[in-house]
Amino acid sequence: MNTQNYLADFLAAQTKKDPAQKVFHQAVREVVSSLATVLERHPVYVKEKILERMIEPERIISFRVPWQDDKGEIHVNRGFRVQFNSALGPYKGGIRFHESVTQDSLKFLGFEQTFKNSLTTLPLGGGKGGSDFDTRGKSAAEVMRFCHSFINELYHHIGYHTDIPAGDLGCGAREIGYMFGQYKKLTNDFTGAFTGKKPNWGGSLLRPEATGYGVAYFAQNMLATRQDSLQGKTCIISGCGNVGIYAMEKLLQLGGKVVGFMDYDGSIYDPDGIDAEKLAFLKDLVFVRRGSIREYGTQFTHSQFRPGKKPWDIPCQVACPTACENELDEPAAKTLLQNGCICLCEGSNMPCTPQAANQFQAASILYSPGKASNAGGVAVSGLEMTQNSMRIYWTREEVDAYLQKIMKNIHESCLASAKEYNMPGNYVAGANIAGFKKVADAMLDQGLV
Ligand code: 2IT
């Protein structure tokens with residue numbers, strides 16, 4: 001068998017089935033492009049059609065979500081849950097509430113989640129869900145009615161041993177609270193069927209911080225392979241949600257200097273760097289007042305708000321995209337490299353276009369894929385499930401120690417797999433191979449189901 005021909009035929013057949021699902025195909029292509037040597041060394045994966053089985057979600061639930069706004073007007077949104085792969089454990093993954101949500105985007109995210117969860121070393125399958133509902137501009141009562149309606153259908157399909165949703169874009173502790181409340185009412189069962197709960201009713205300490213902190217820990221681990229550290233490094237972040245803000249916080253604690261960041265409205269260039277006082281302002285602005293970072297530009301001298309502009313032209317050594325898929329394209333990658341970027345650590349899922357990723361690979365900078373470097377969030381979700389099962393709470397320090405250990409393990413397993421398959425230092429290949437093999441072997445063990 002010629003593996004390259006097999007893979008080309010496999011990808012062509014997949015694209016033909018659902019030609020419109022571009023972002024899902026992109027995610028599949030990215031994983032498959034790392035696997036040629038794995039398939040050559042282990043022909044059983046080809047014989048047993050593991051790839052063909054893996055790209056087909058085990059189940060997709062698609063449903064109507066009707067709700068009423070504060071004026072009594074009726075709206076109808078679409079709800080989805082893509083239960084992608086349960087070879088390693090119950091389906092696990094976030095819920096995204098954003099106007100861009102489609103079956104295609106959730107298939108991409110559920111596919112990525114399967115490999116990411118595999119990398120965490122925890123017993124978690126992969127899934128993702130959401131709705132084309134945008135929480136921005138809605139009152140709390142409207143968000144609550146929407147979440148209740150969403151769960152009125154979804155509760156049939158989730159559960160502590162079946163599928164455990166969490167938050168994602170547009171879905172934070174408030175939305176998880178409304179969904180959990182309705183789930184509990186309908187099932188009469190107080191179990192950890194969601195993660196990302198508030199710590200006063202079952203949530204894990206450090207869950208909100210976990211993805212962002214994990215990104216910074218991963219960058220630290222990557223830099224250490226070149227006898228370097230975050231100390232004094234200029235850093236850029238893109239998204240300004242949970243991931244971005246807590247990545248900023250940990251980068252600062254580890255000695256980095258954050259000089260640029262972005263939200264939906266534009267970006268900030270702050271040559272003085274963010275400090276504790278500015279970070280506190282930003283947290284209040286984003287998490288409490290739900291405002292735009294435009295205000296940061298007027299509040300702090302020397303900082304500059306750049307309407308509608310991304311931050312990638314701001315010179316930096318470490319860049320962490322933390323907003324959404326395909327947010328960083330080839331010209332942006334070239335600019336980052338020209339300006340001296342030595343480490344690109346992905347905080348969002350598939351933020352770099354394939355062309356941008358090629359640029360970073362060709363330049364041999366430290367480049368980690370989101371499925372490895374943003375796995376801290378779902379890892380602490382896994383720890384939240386453990387605490388719920390044991391009916392205890394761990395301290396921040398205990399959770400943080402686990403998180404650091406998990407990020408270190410993921411980093412090591414990426415490097416070990418990349419080396420084993422002759423692509424040393426290639427974190428993308430390493431993450432894909434390590435994530436794939438664990439799921440593939442479990443699928444083989446469990447037979448044709
Ligand atoms: O993309 C992600 O890893 C998440 N949205 C977190 C999923 C989870 O179950 O905590």
query: Per residue, how many Å² of accessible area does the stretch 333-409 show with a 1.4 Å probe?
result: 38 Å²
task: Calculate I(q)/I(0) for the stretch 316-388 by the Debye formula, one identical point scatterer on each C-alpha and no solvent, and give its log10 at q = 0.19, 0.27 Å⁻¹ to two decimals.
output: -0.69, -1.21
query: Which net charge results when you count Lys and Arg as +1 and Asp and Glu as -1 among the other residues whose beta-carbon is under 11 Å from that of C147?
result: +1
statement: DSSP beta bridges in the stretch 76-212: the antiparallel percent, rounded to 5, is 55 percent
query: So what J values fall out for the stretch 389-401 if you push phi through Karplus, 6.51 cos²θ - 1.76 cosθ + 1.60 with θ = phi - 60°, rounded to Hz, Gly and Pro as x?
result: 5, 7, 6, 9, 10, 8, 6, 3, 5, 5, 5, 5, 5
field: Spacing of the two label points (7 Å from each Cα toward its C-beta) at K49 and D275, in nm
entry: 6.4 nm
statement: Sorting H75, L88, I60 by the position of each Cα along the dipole of the stretch 9-138 (Lys, Arg +1; Asp, Glu -1; all at Cβ), the one nearest the positive end of that ordering is L88
field: Whole-Hz ³J(HN,Hα) from phi, Karplus 6.51 cos²θ - 1.76 cosθ + 1.60, for the stretch 39-51, glycine and proline x
entry: 5, 5, 6, 10, x, 4, 5, 6, 4, 7, 6, 5, 5
query: What are the principal axis extents of the Cα atoms in the chain, in Å, biggest first?
result: 64, 54, 43
message: Nearest 5 percent is fine: what portion of the DSSP beta bridges confined to the chain is antiparallel?
response: 60 percent
- prompt: How much solvent-accessible surface does R226 expose, in Å² to the nearest 10, with a 1.4 Å probe and all protein chains in place?
  reply: 130 Å²
- line: For the stretch 43-84, the dipole about the Cα centre with charges only on Cβ (Lys and Arg +1, Asp and Glu -1), to the nearest 20 debye, works out at 180 debye
- request: Mind computing the radius of gyration and Dmax over the alpha-carbon atoms of the stretch 4-83? Å is fine for both.
  value: 18.6, 62
- prompt: Name the trypsin sites (Lys or Arg not before Pro) in the stretch 377-427 that are in a loop by DSSP and that have at most 11 other C-beta atoms within 10 Å, would you?
  reply: R391
field: Net charge over other residues, Cβ less than 10 angstrom from the Cβ of F63 (K, R count +1; D, E count -1)
entry: +2
query: In the structure shown, do any of K250/K283; K17/K49; K371/K438; K309/K334; K22/K49 have a Cα-Cα gap over 19 Å, and if so which?
result: K22/K49
statement: Using the Kirkwood formula on alpha carbons, the hydrodynamic radius of the stretch 117-171 in angstrom works out to 13.1 Å
- request: Please check the chain for the longest run free of GluC sites (Glu not before Pro) that are loop-located per DSSP (anything but H, G, I, E, B) and have at most 16 other Cβ atoms within 10 Å.
  value: 100-449
task: Mind checking the full-extension length gain between E40 and R294? Use 0.36 nm per residue of separation minus the Cα-Cα distance, one decimal, nm.
output: 86.2 nm
- prompt: Of all accessible surface on the stretch 399-449 at a 1.4 Å probe, what whole percent is carbon and sulfur?
  reply: 55 percent
task: Could you compute the FRET efficiency for R226 and H75, with r as their C-beta to C-beta distance and R0 at 60 Å, rounded to 0.05?
output: 0.70
message: Using amide H atoms built in the peptide plane, which far-off residues or other-chain residues are under 5 Å from N85 H to H?
response: E58, G126
field: Dimensionless Rg ratio for the stretch 324-449, taking C-alpha atoms and the 2.2 N^0.38 Å reference
entry: 1.24
- prompt: Taking the simple approach of a point 7 Å from Cα along Cα-to-Cβ for both N2 and A416, what is their distance in nm?
  reply: 3.6 nm
- request: For L186, L35, give the ranking by accessible area with the largest first, probe 1.4 Å.
  value: L186, L35
field: Computed Rg/Rh of the stretch 177-267, alpha carbon atoms with Kirkwood Rh
entry: 1.15
query: About its Cα centre, what dipole magnitude does the chain give when the only charges are +1 on Lys and Arg Cβ and -1 on Asp and Glu Cβ, stated in debye to the nearest 20?
result: 420 debye
statement: Here the equivalent ellipsoid of the stretch 235-359, derived from its Cα gyration tensor, has semi-axes (largest first, whole Å) of 22, 15, 14
task: Just check the stretch 15-153 against the gyration tensor rule for me: Cα atoms, a ≥ b ≥ c as the square roots of the eigenvalues, rounded for a/c under 1.5, and otherwise prolate or oblate depending on whether a/b exceeds b/c.
output: prolate
field: Amide hydrogen neighbours beyond the local backbone of G256, cut-off 5 Å, H modeled
entry: G232
- request: Please work out the C-alpha center-to-center distance from the stretch 1-60 to the stretch 266-324 and express it in whole Å.
  value: 40 Å
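The values are calculated or read from the model by the stated rules, or taken from the named source; none is laboratory data. Predicted model only: the values in this text are computed from it and were never measured. Here Cβ is always computed from backbone atoms with ideal geometry, including for glycine, and neighbour counts include all displayed protein chains. In case anyone asks, the SASA skips ligands and DNA or RNA and just uses the protein heavy atoms, side chains included. Shrake-Rupley method; radii C 1.70, N 1.55, O 1.52, S 1.80 Å.
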